[in-house]
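Undergrad: My questions all concern the structure below.
The values are calculated or read from the model by the stated rules, or taken from the named source; none is laboratory data. Values in this document were obtained by computation on a predicted structure and should not be read as measured data. Note that we place each Cβ from the backbone using ideal geometry, even for glycine, and neighbour counts take in every protein chain shown. What goes into the accessible areas is simple: the full protein's heavy atoms, side chains included, and nothing from ligands, DNA or RNA. Shrake-Rupley method; radii C 1.70, N 1.55, O 1.52, S 1.80 Å.
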Amino acid sequence: MILLGARAQRAGATSTQVNLVMIAVATLVCSAATTAGGVWSLPAGMVGWLGLAGAGSGVTIGLVAFFAAFRFTGPVRATVLSNVEPLFGVLFAVAVLGERLSGLQWTSVGLAVAALLFEASPLRRVGVS
């Protein structure tokens, strides 16, 4: 997806066009799979519909921003930097949902942060490792 999206943008497609095609294909495939498996159902109540709309909007905005970043950072660097997303998910779970992490899990969070900082550091660009 990332390589094809980057290639399409180099050929003149906009990040919005890339996302429209990608999300349309994913929607069709997932709809067919869930319908065939008999597990497809509509949201129940207003909260379900708001959740669906919010999730759809969030994914769309995030993907448009992700693919738009290709023009500035390139697909490889944008992909590496997108690994900050799970870190925010973990921190959100701790801060808002009251999740508790073990020492090993906090160590993993620290390693992920260190790797992201190293990727973005000037030392990496000059070849110091």
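Undergrad: Go through segment 49-76 and give me each residue that's modelled with pLDDT under 85, part of a helix (DSSP H, G or I) and farther than 16 Å from Gln17 by Cα.
TA: Answer for segment 49-76, where residues must be modelled with pLDDT under 85, part of a helix (DSSP H, G or I) and farther than 16 Å from Gln17 by Cα: Phe72, Thr73, Pro75, Val76.
Undergrad: Can you pull out the residues in segment 10-22 that are open to solvent by less than 50 Å² (accessible area, probe 1.4 Å) and within 12 Å of Val64 (Cα to Cα)? First the steps, then the outcome.
TA: Filtering segment 10-22 for residues open to solvent by less than 50 Å² (accessible area, probe 1.4 Å) gives 13, 15, 18-19, 22.
Result: Ser15, Val18, Asn19, Met22.
Undergrad: So Thr16 clears everything in (1) within 30 Å of Ala115 (Cβ to Cβ); (2) in contact (Cβ under 8 Å) with a residue 40 or more places away in the chain except one condition, right? Which one?
TA: Among (1) within 30 Å of Ala115 (Cβ to Cβ); (2) in contact (Cβ under 8 Å) with a residue 40 or more places away in the chain, the lone unmet condition for Thr16 is (1).
Undergrad: For residues that are of a type in the set (Gly, Ala, Ser) and part of a helix (DSSP H, G or I), scanning just segment 35-48, find the one that is farthest from Arg71 (Cα to Cα).
TA: Keep residues of segment 35-48 that are of a type in the set (Gly, Ala, Ser), which gives 36-38, 41, 44-45, 48.
From what's left, part of a helix (DSSP H, G or I): 36, 45, 48.
On the way: Ala36: 38, Gly45: 41, Gly48: 36 Å.
Filtering first and then ranking leaves Gly45.
Undergrad: Ala32 versus (1) modelled with pLDDT under 90; (2) over 22 Å from Ile2 (Cα atoms); (3) assigned to a helix (DSSP H, G or I): which is the lone unmet condition?
TA: Every condition holds for Ala32 apart from (1).
Undergrad: Looking at segment 100-112 only, could you name the residues that are open to solvent by less than 60 Å² (accessible area, probe 1.4 Å) and assigned to a helix (DSSP H, G or I)?
TA: Within segment 100-112, the subset open to solvent by less than 60 Å² (accessible area, probe 1.4 Å) is 101-103, 109-110, 112.
Within segment 100-112, Gly103, Val109, Gly110, Ala112 meet the criteria.
Undergrad: Further question: Just one of the numbered conditions (1) open to solvent by less than 90 Å² (accessible area, probe 1.4 Å); (2) at pLDDT 85 or above; (3) not small (Gly, Ala, Ser) is not true of Met46; which one?
TA: The failed condition is (1).
Undergrad: Further, regarding this structure: Of the residues Ala26, Ala120, which is open to solvent by less than 60 Å² (accessible area, probe 1.4 Å) and at pLDDT below 85?
TA: Values: Ala26 fails: at pLDDT below 85.
Of the residues listed, the single one that is open to solvent by less than 60 Å² (accessible area, probe 1.4 Å) and at pLDDT below 85 is Ala120.
Undergrad: What's the number of the only condition in (1) loosely packed, with under 13 Cβ neighbours inside 10 Å; (2) of a type in the set (Phe, Trp, Tyr); (3) in contact (Cβ under 8 Å) with a residue 40 or more places away in the chain that Phe88 fails to meet?
TA: It is condition (3) that Phe88 fails.
Undergrad: With Arg71, Arg100, Arg77 as the choices, which residue is basic (Lys, Arg), under 29 Å from Leu117 (Cα atoms) and touching a Ser or Thr at 6+ places or on another chain (Cβ under 9 Å)? If you could, list the steps in order and put the result at the bottom.
TA: Working: Arg100 fails: touching a Ser or Thr at 6+ places or on another chain (Cβ under 9 Å); Arg77 fails: touching a Ser or Thr at 6+ places or on another chain (Cβ under 9 Å).
Answer to the check: Arg71.
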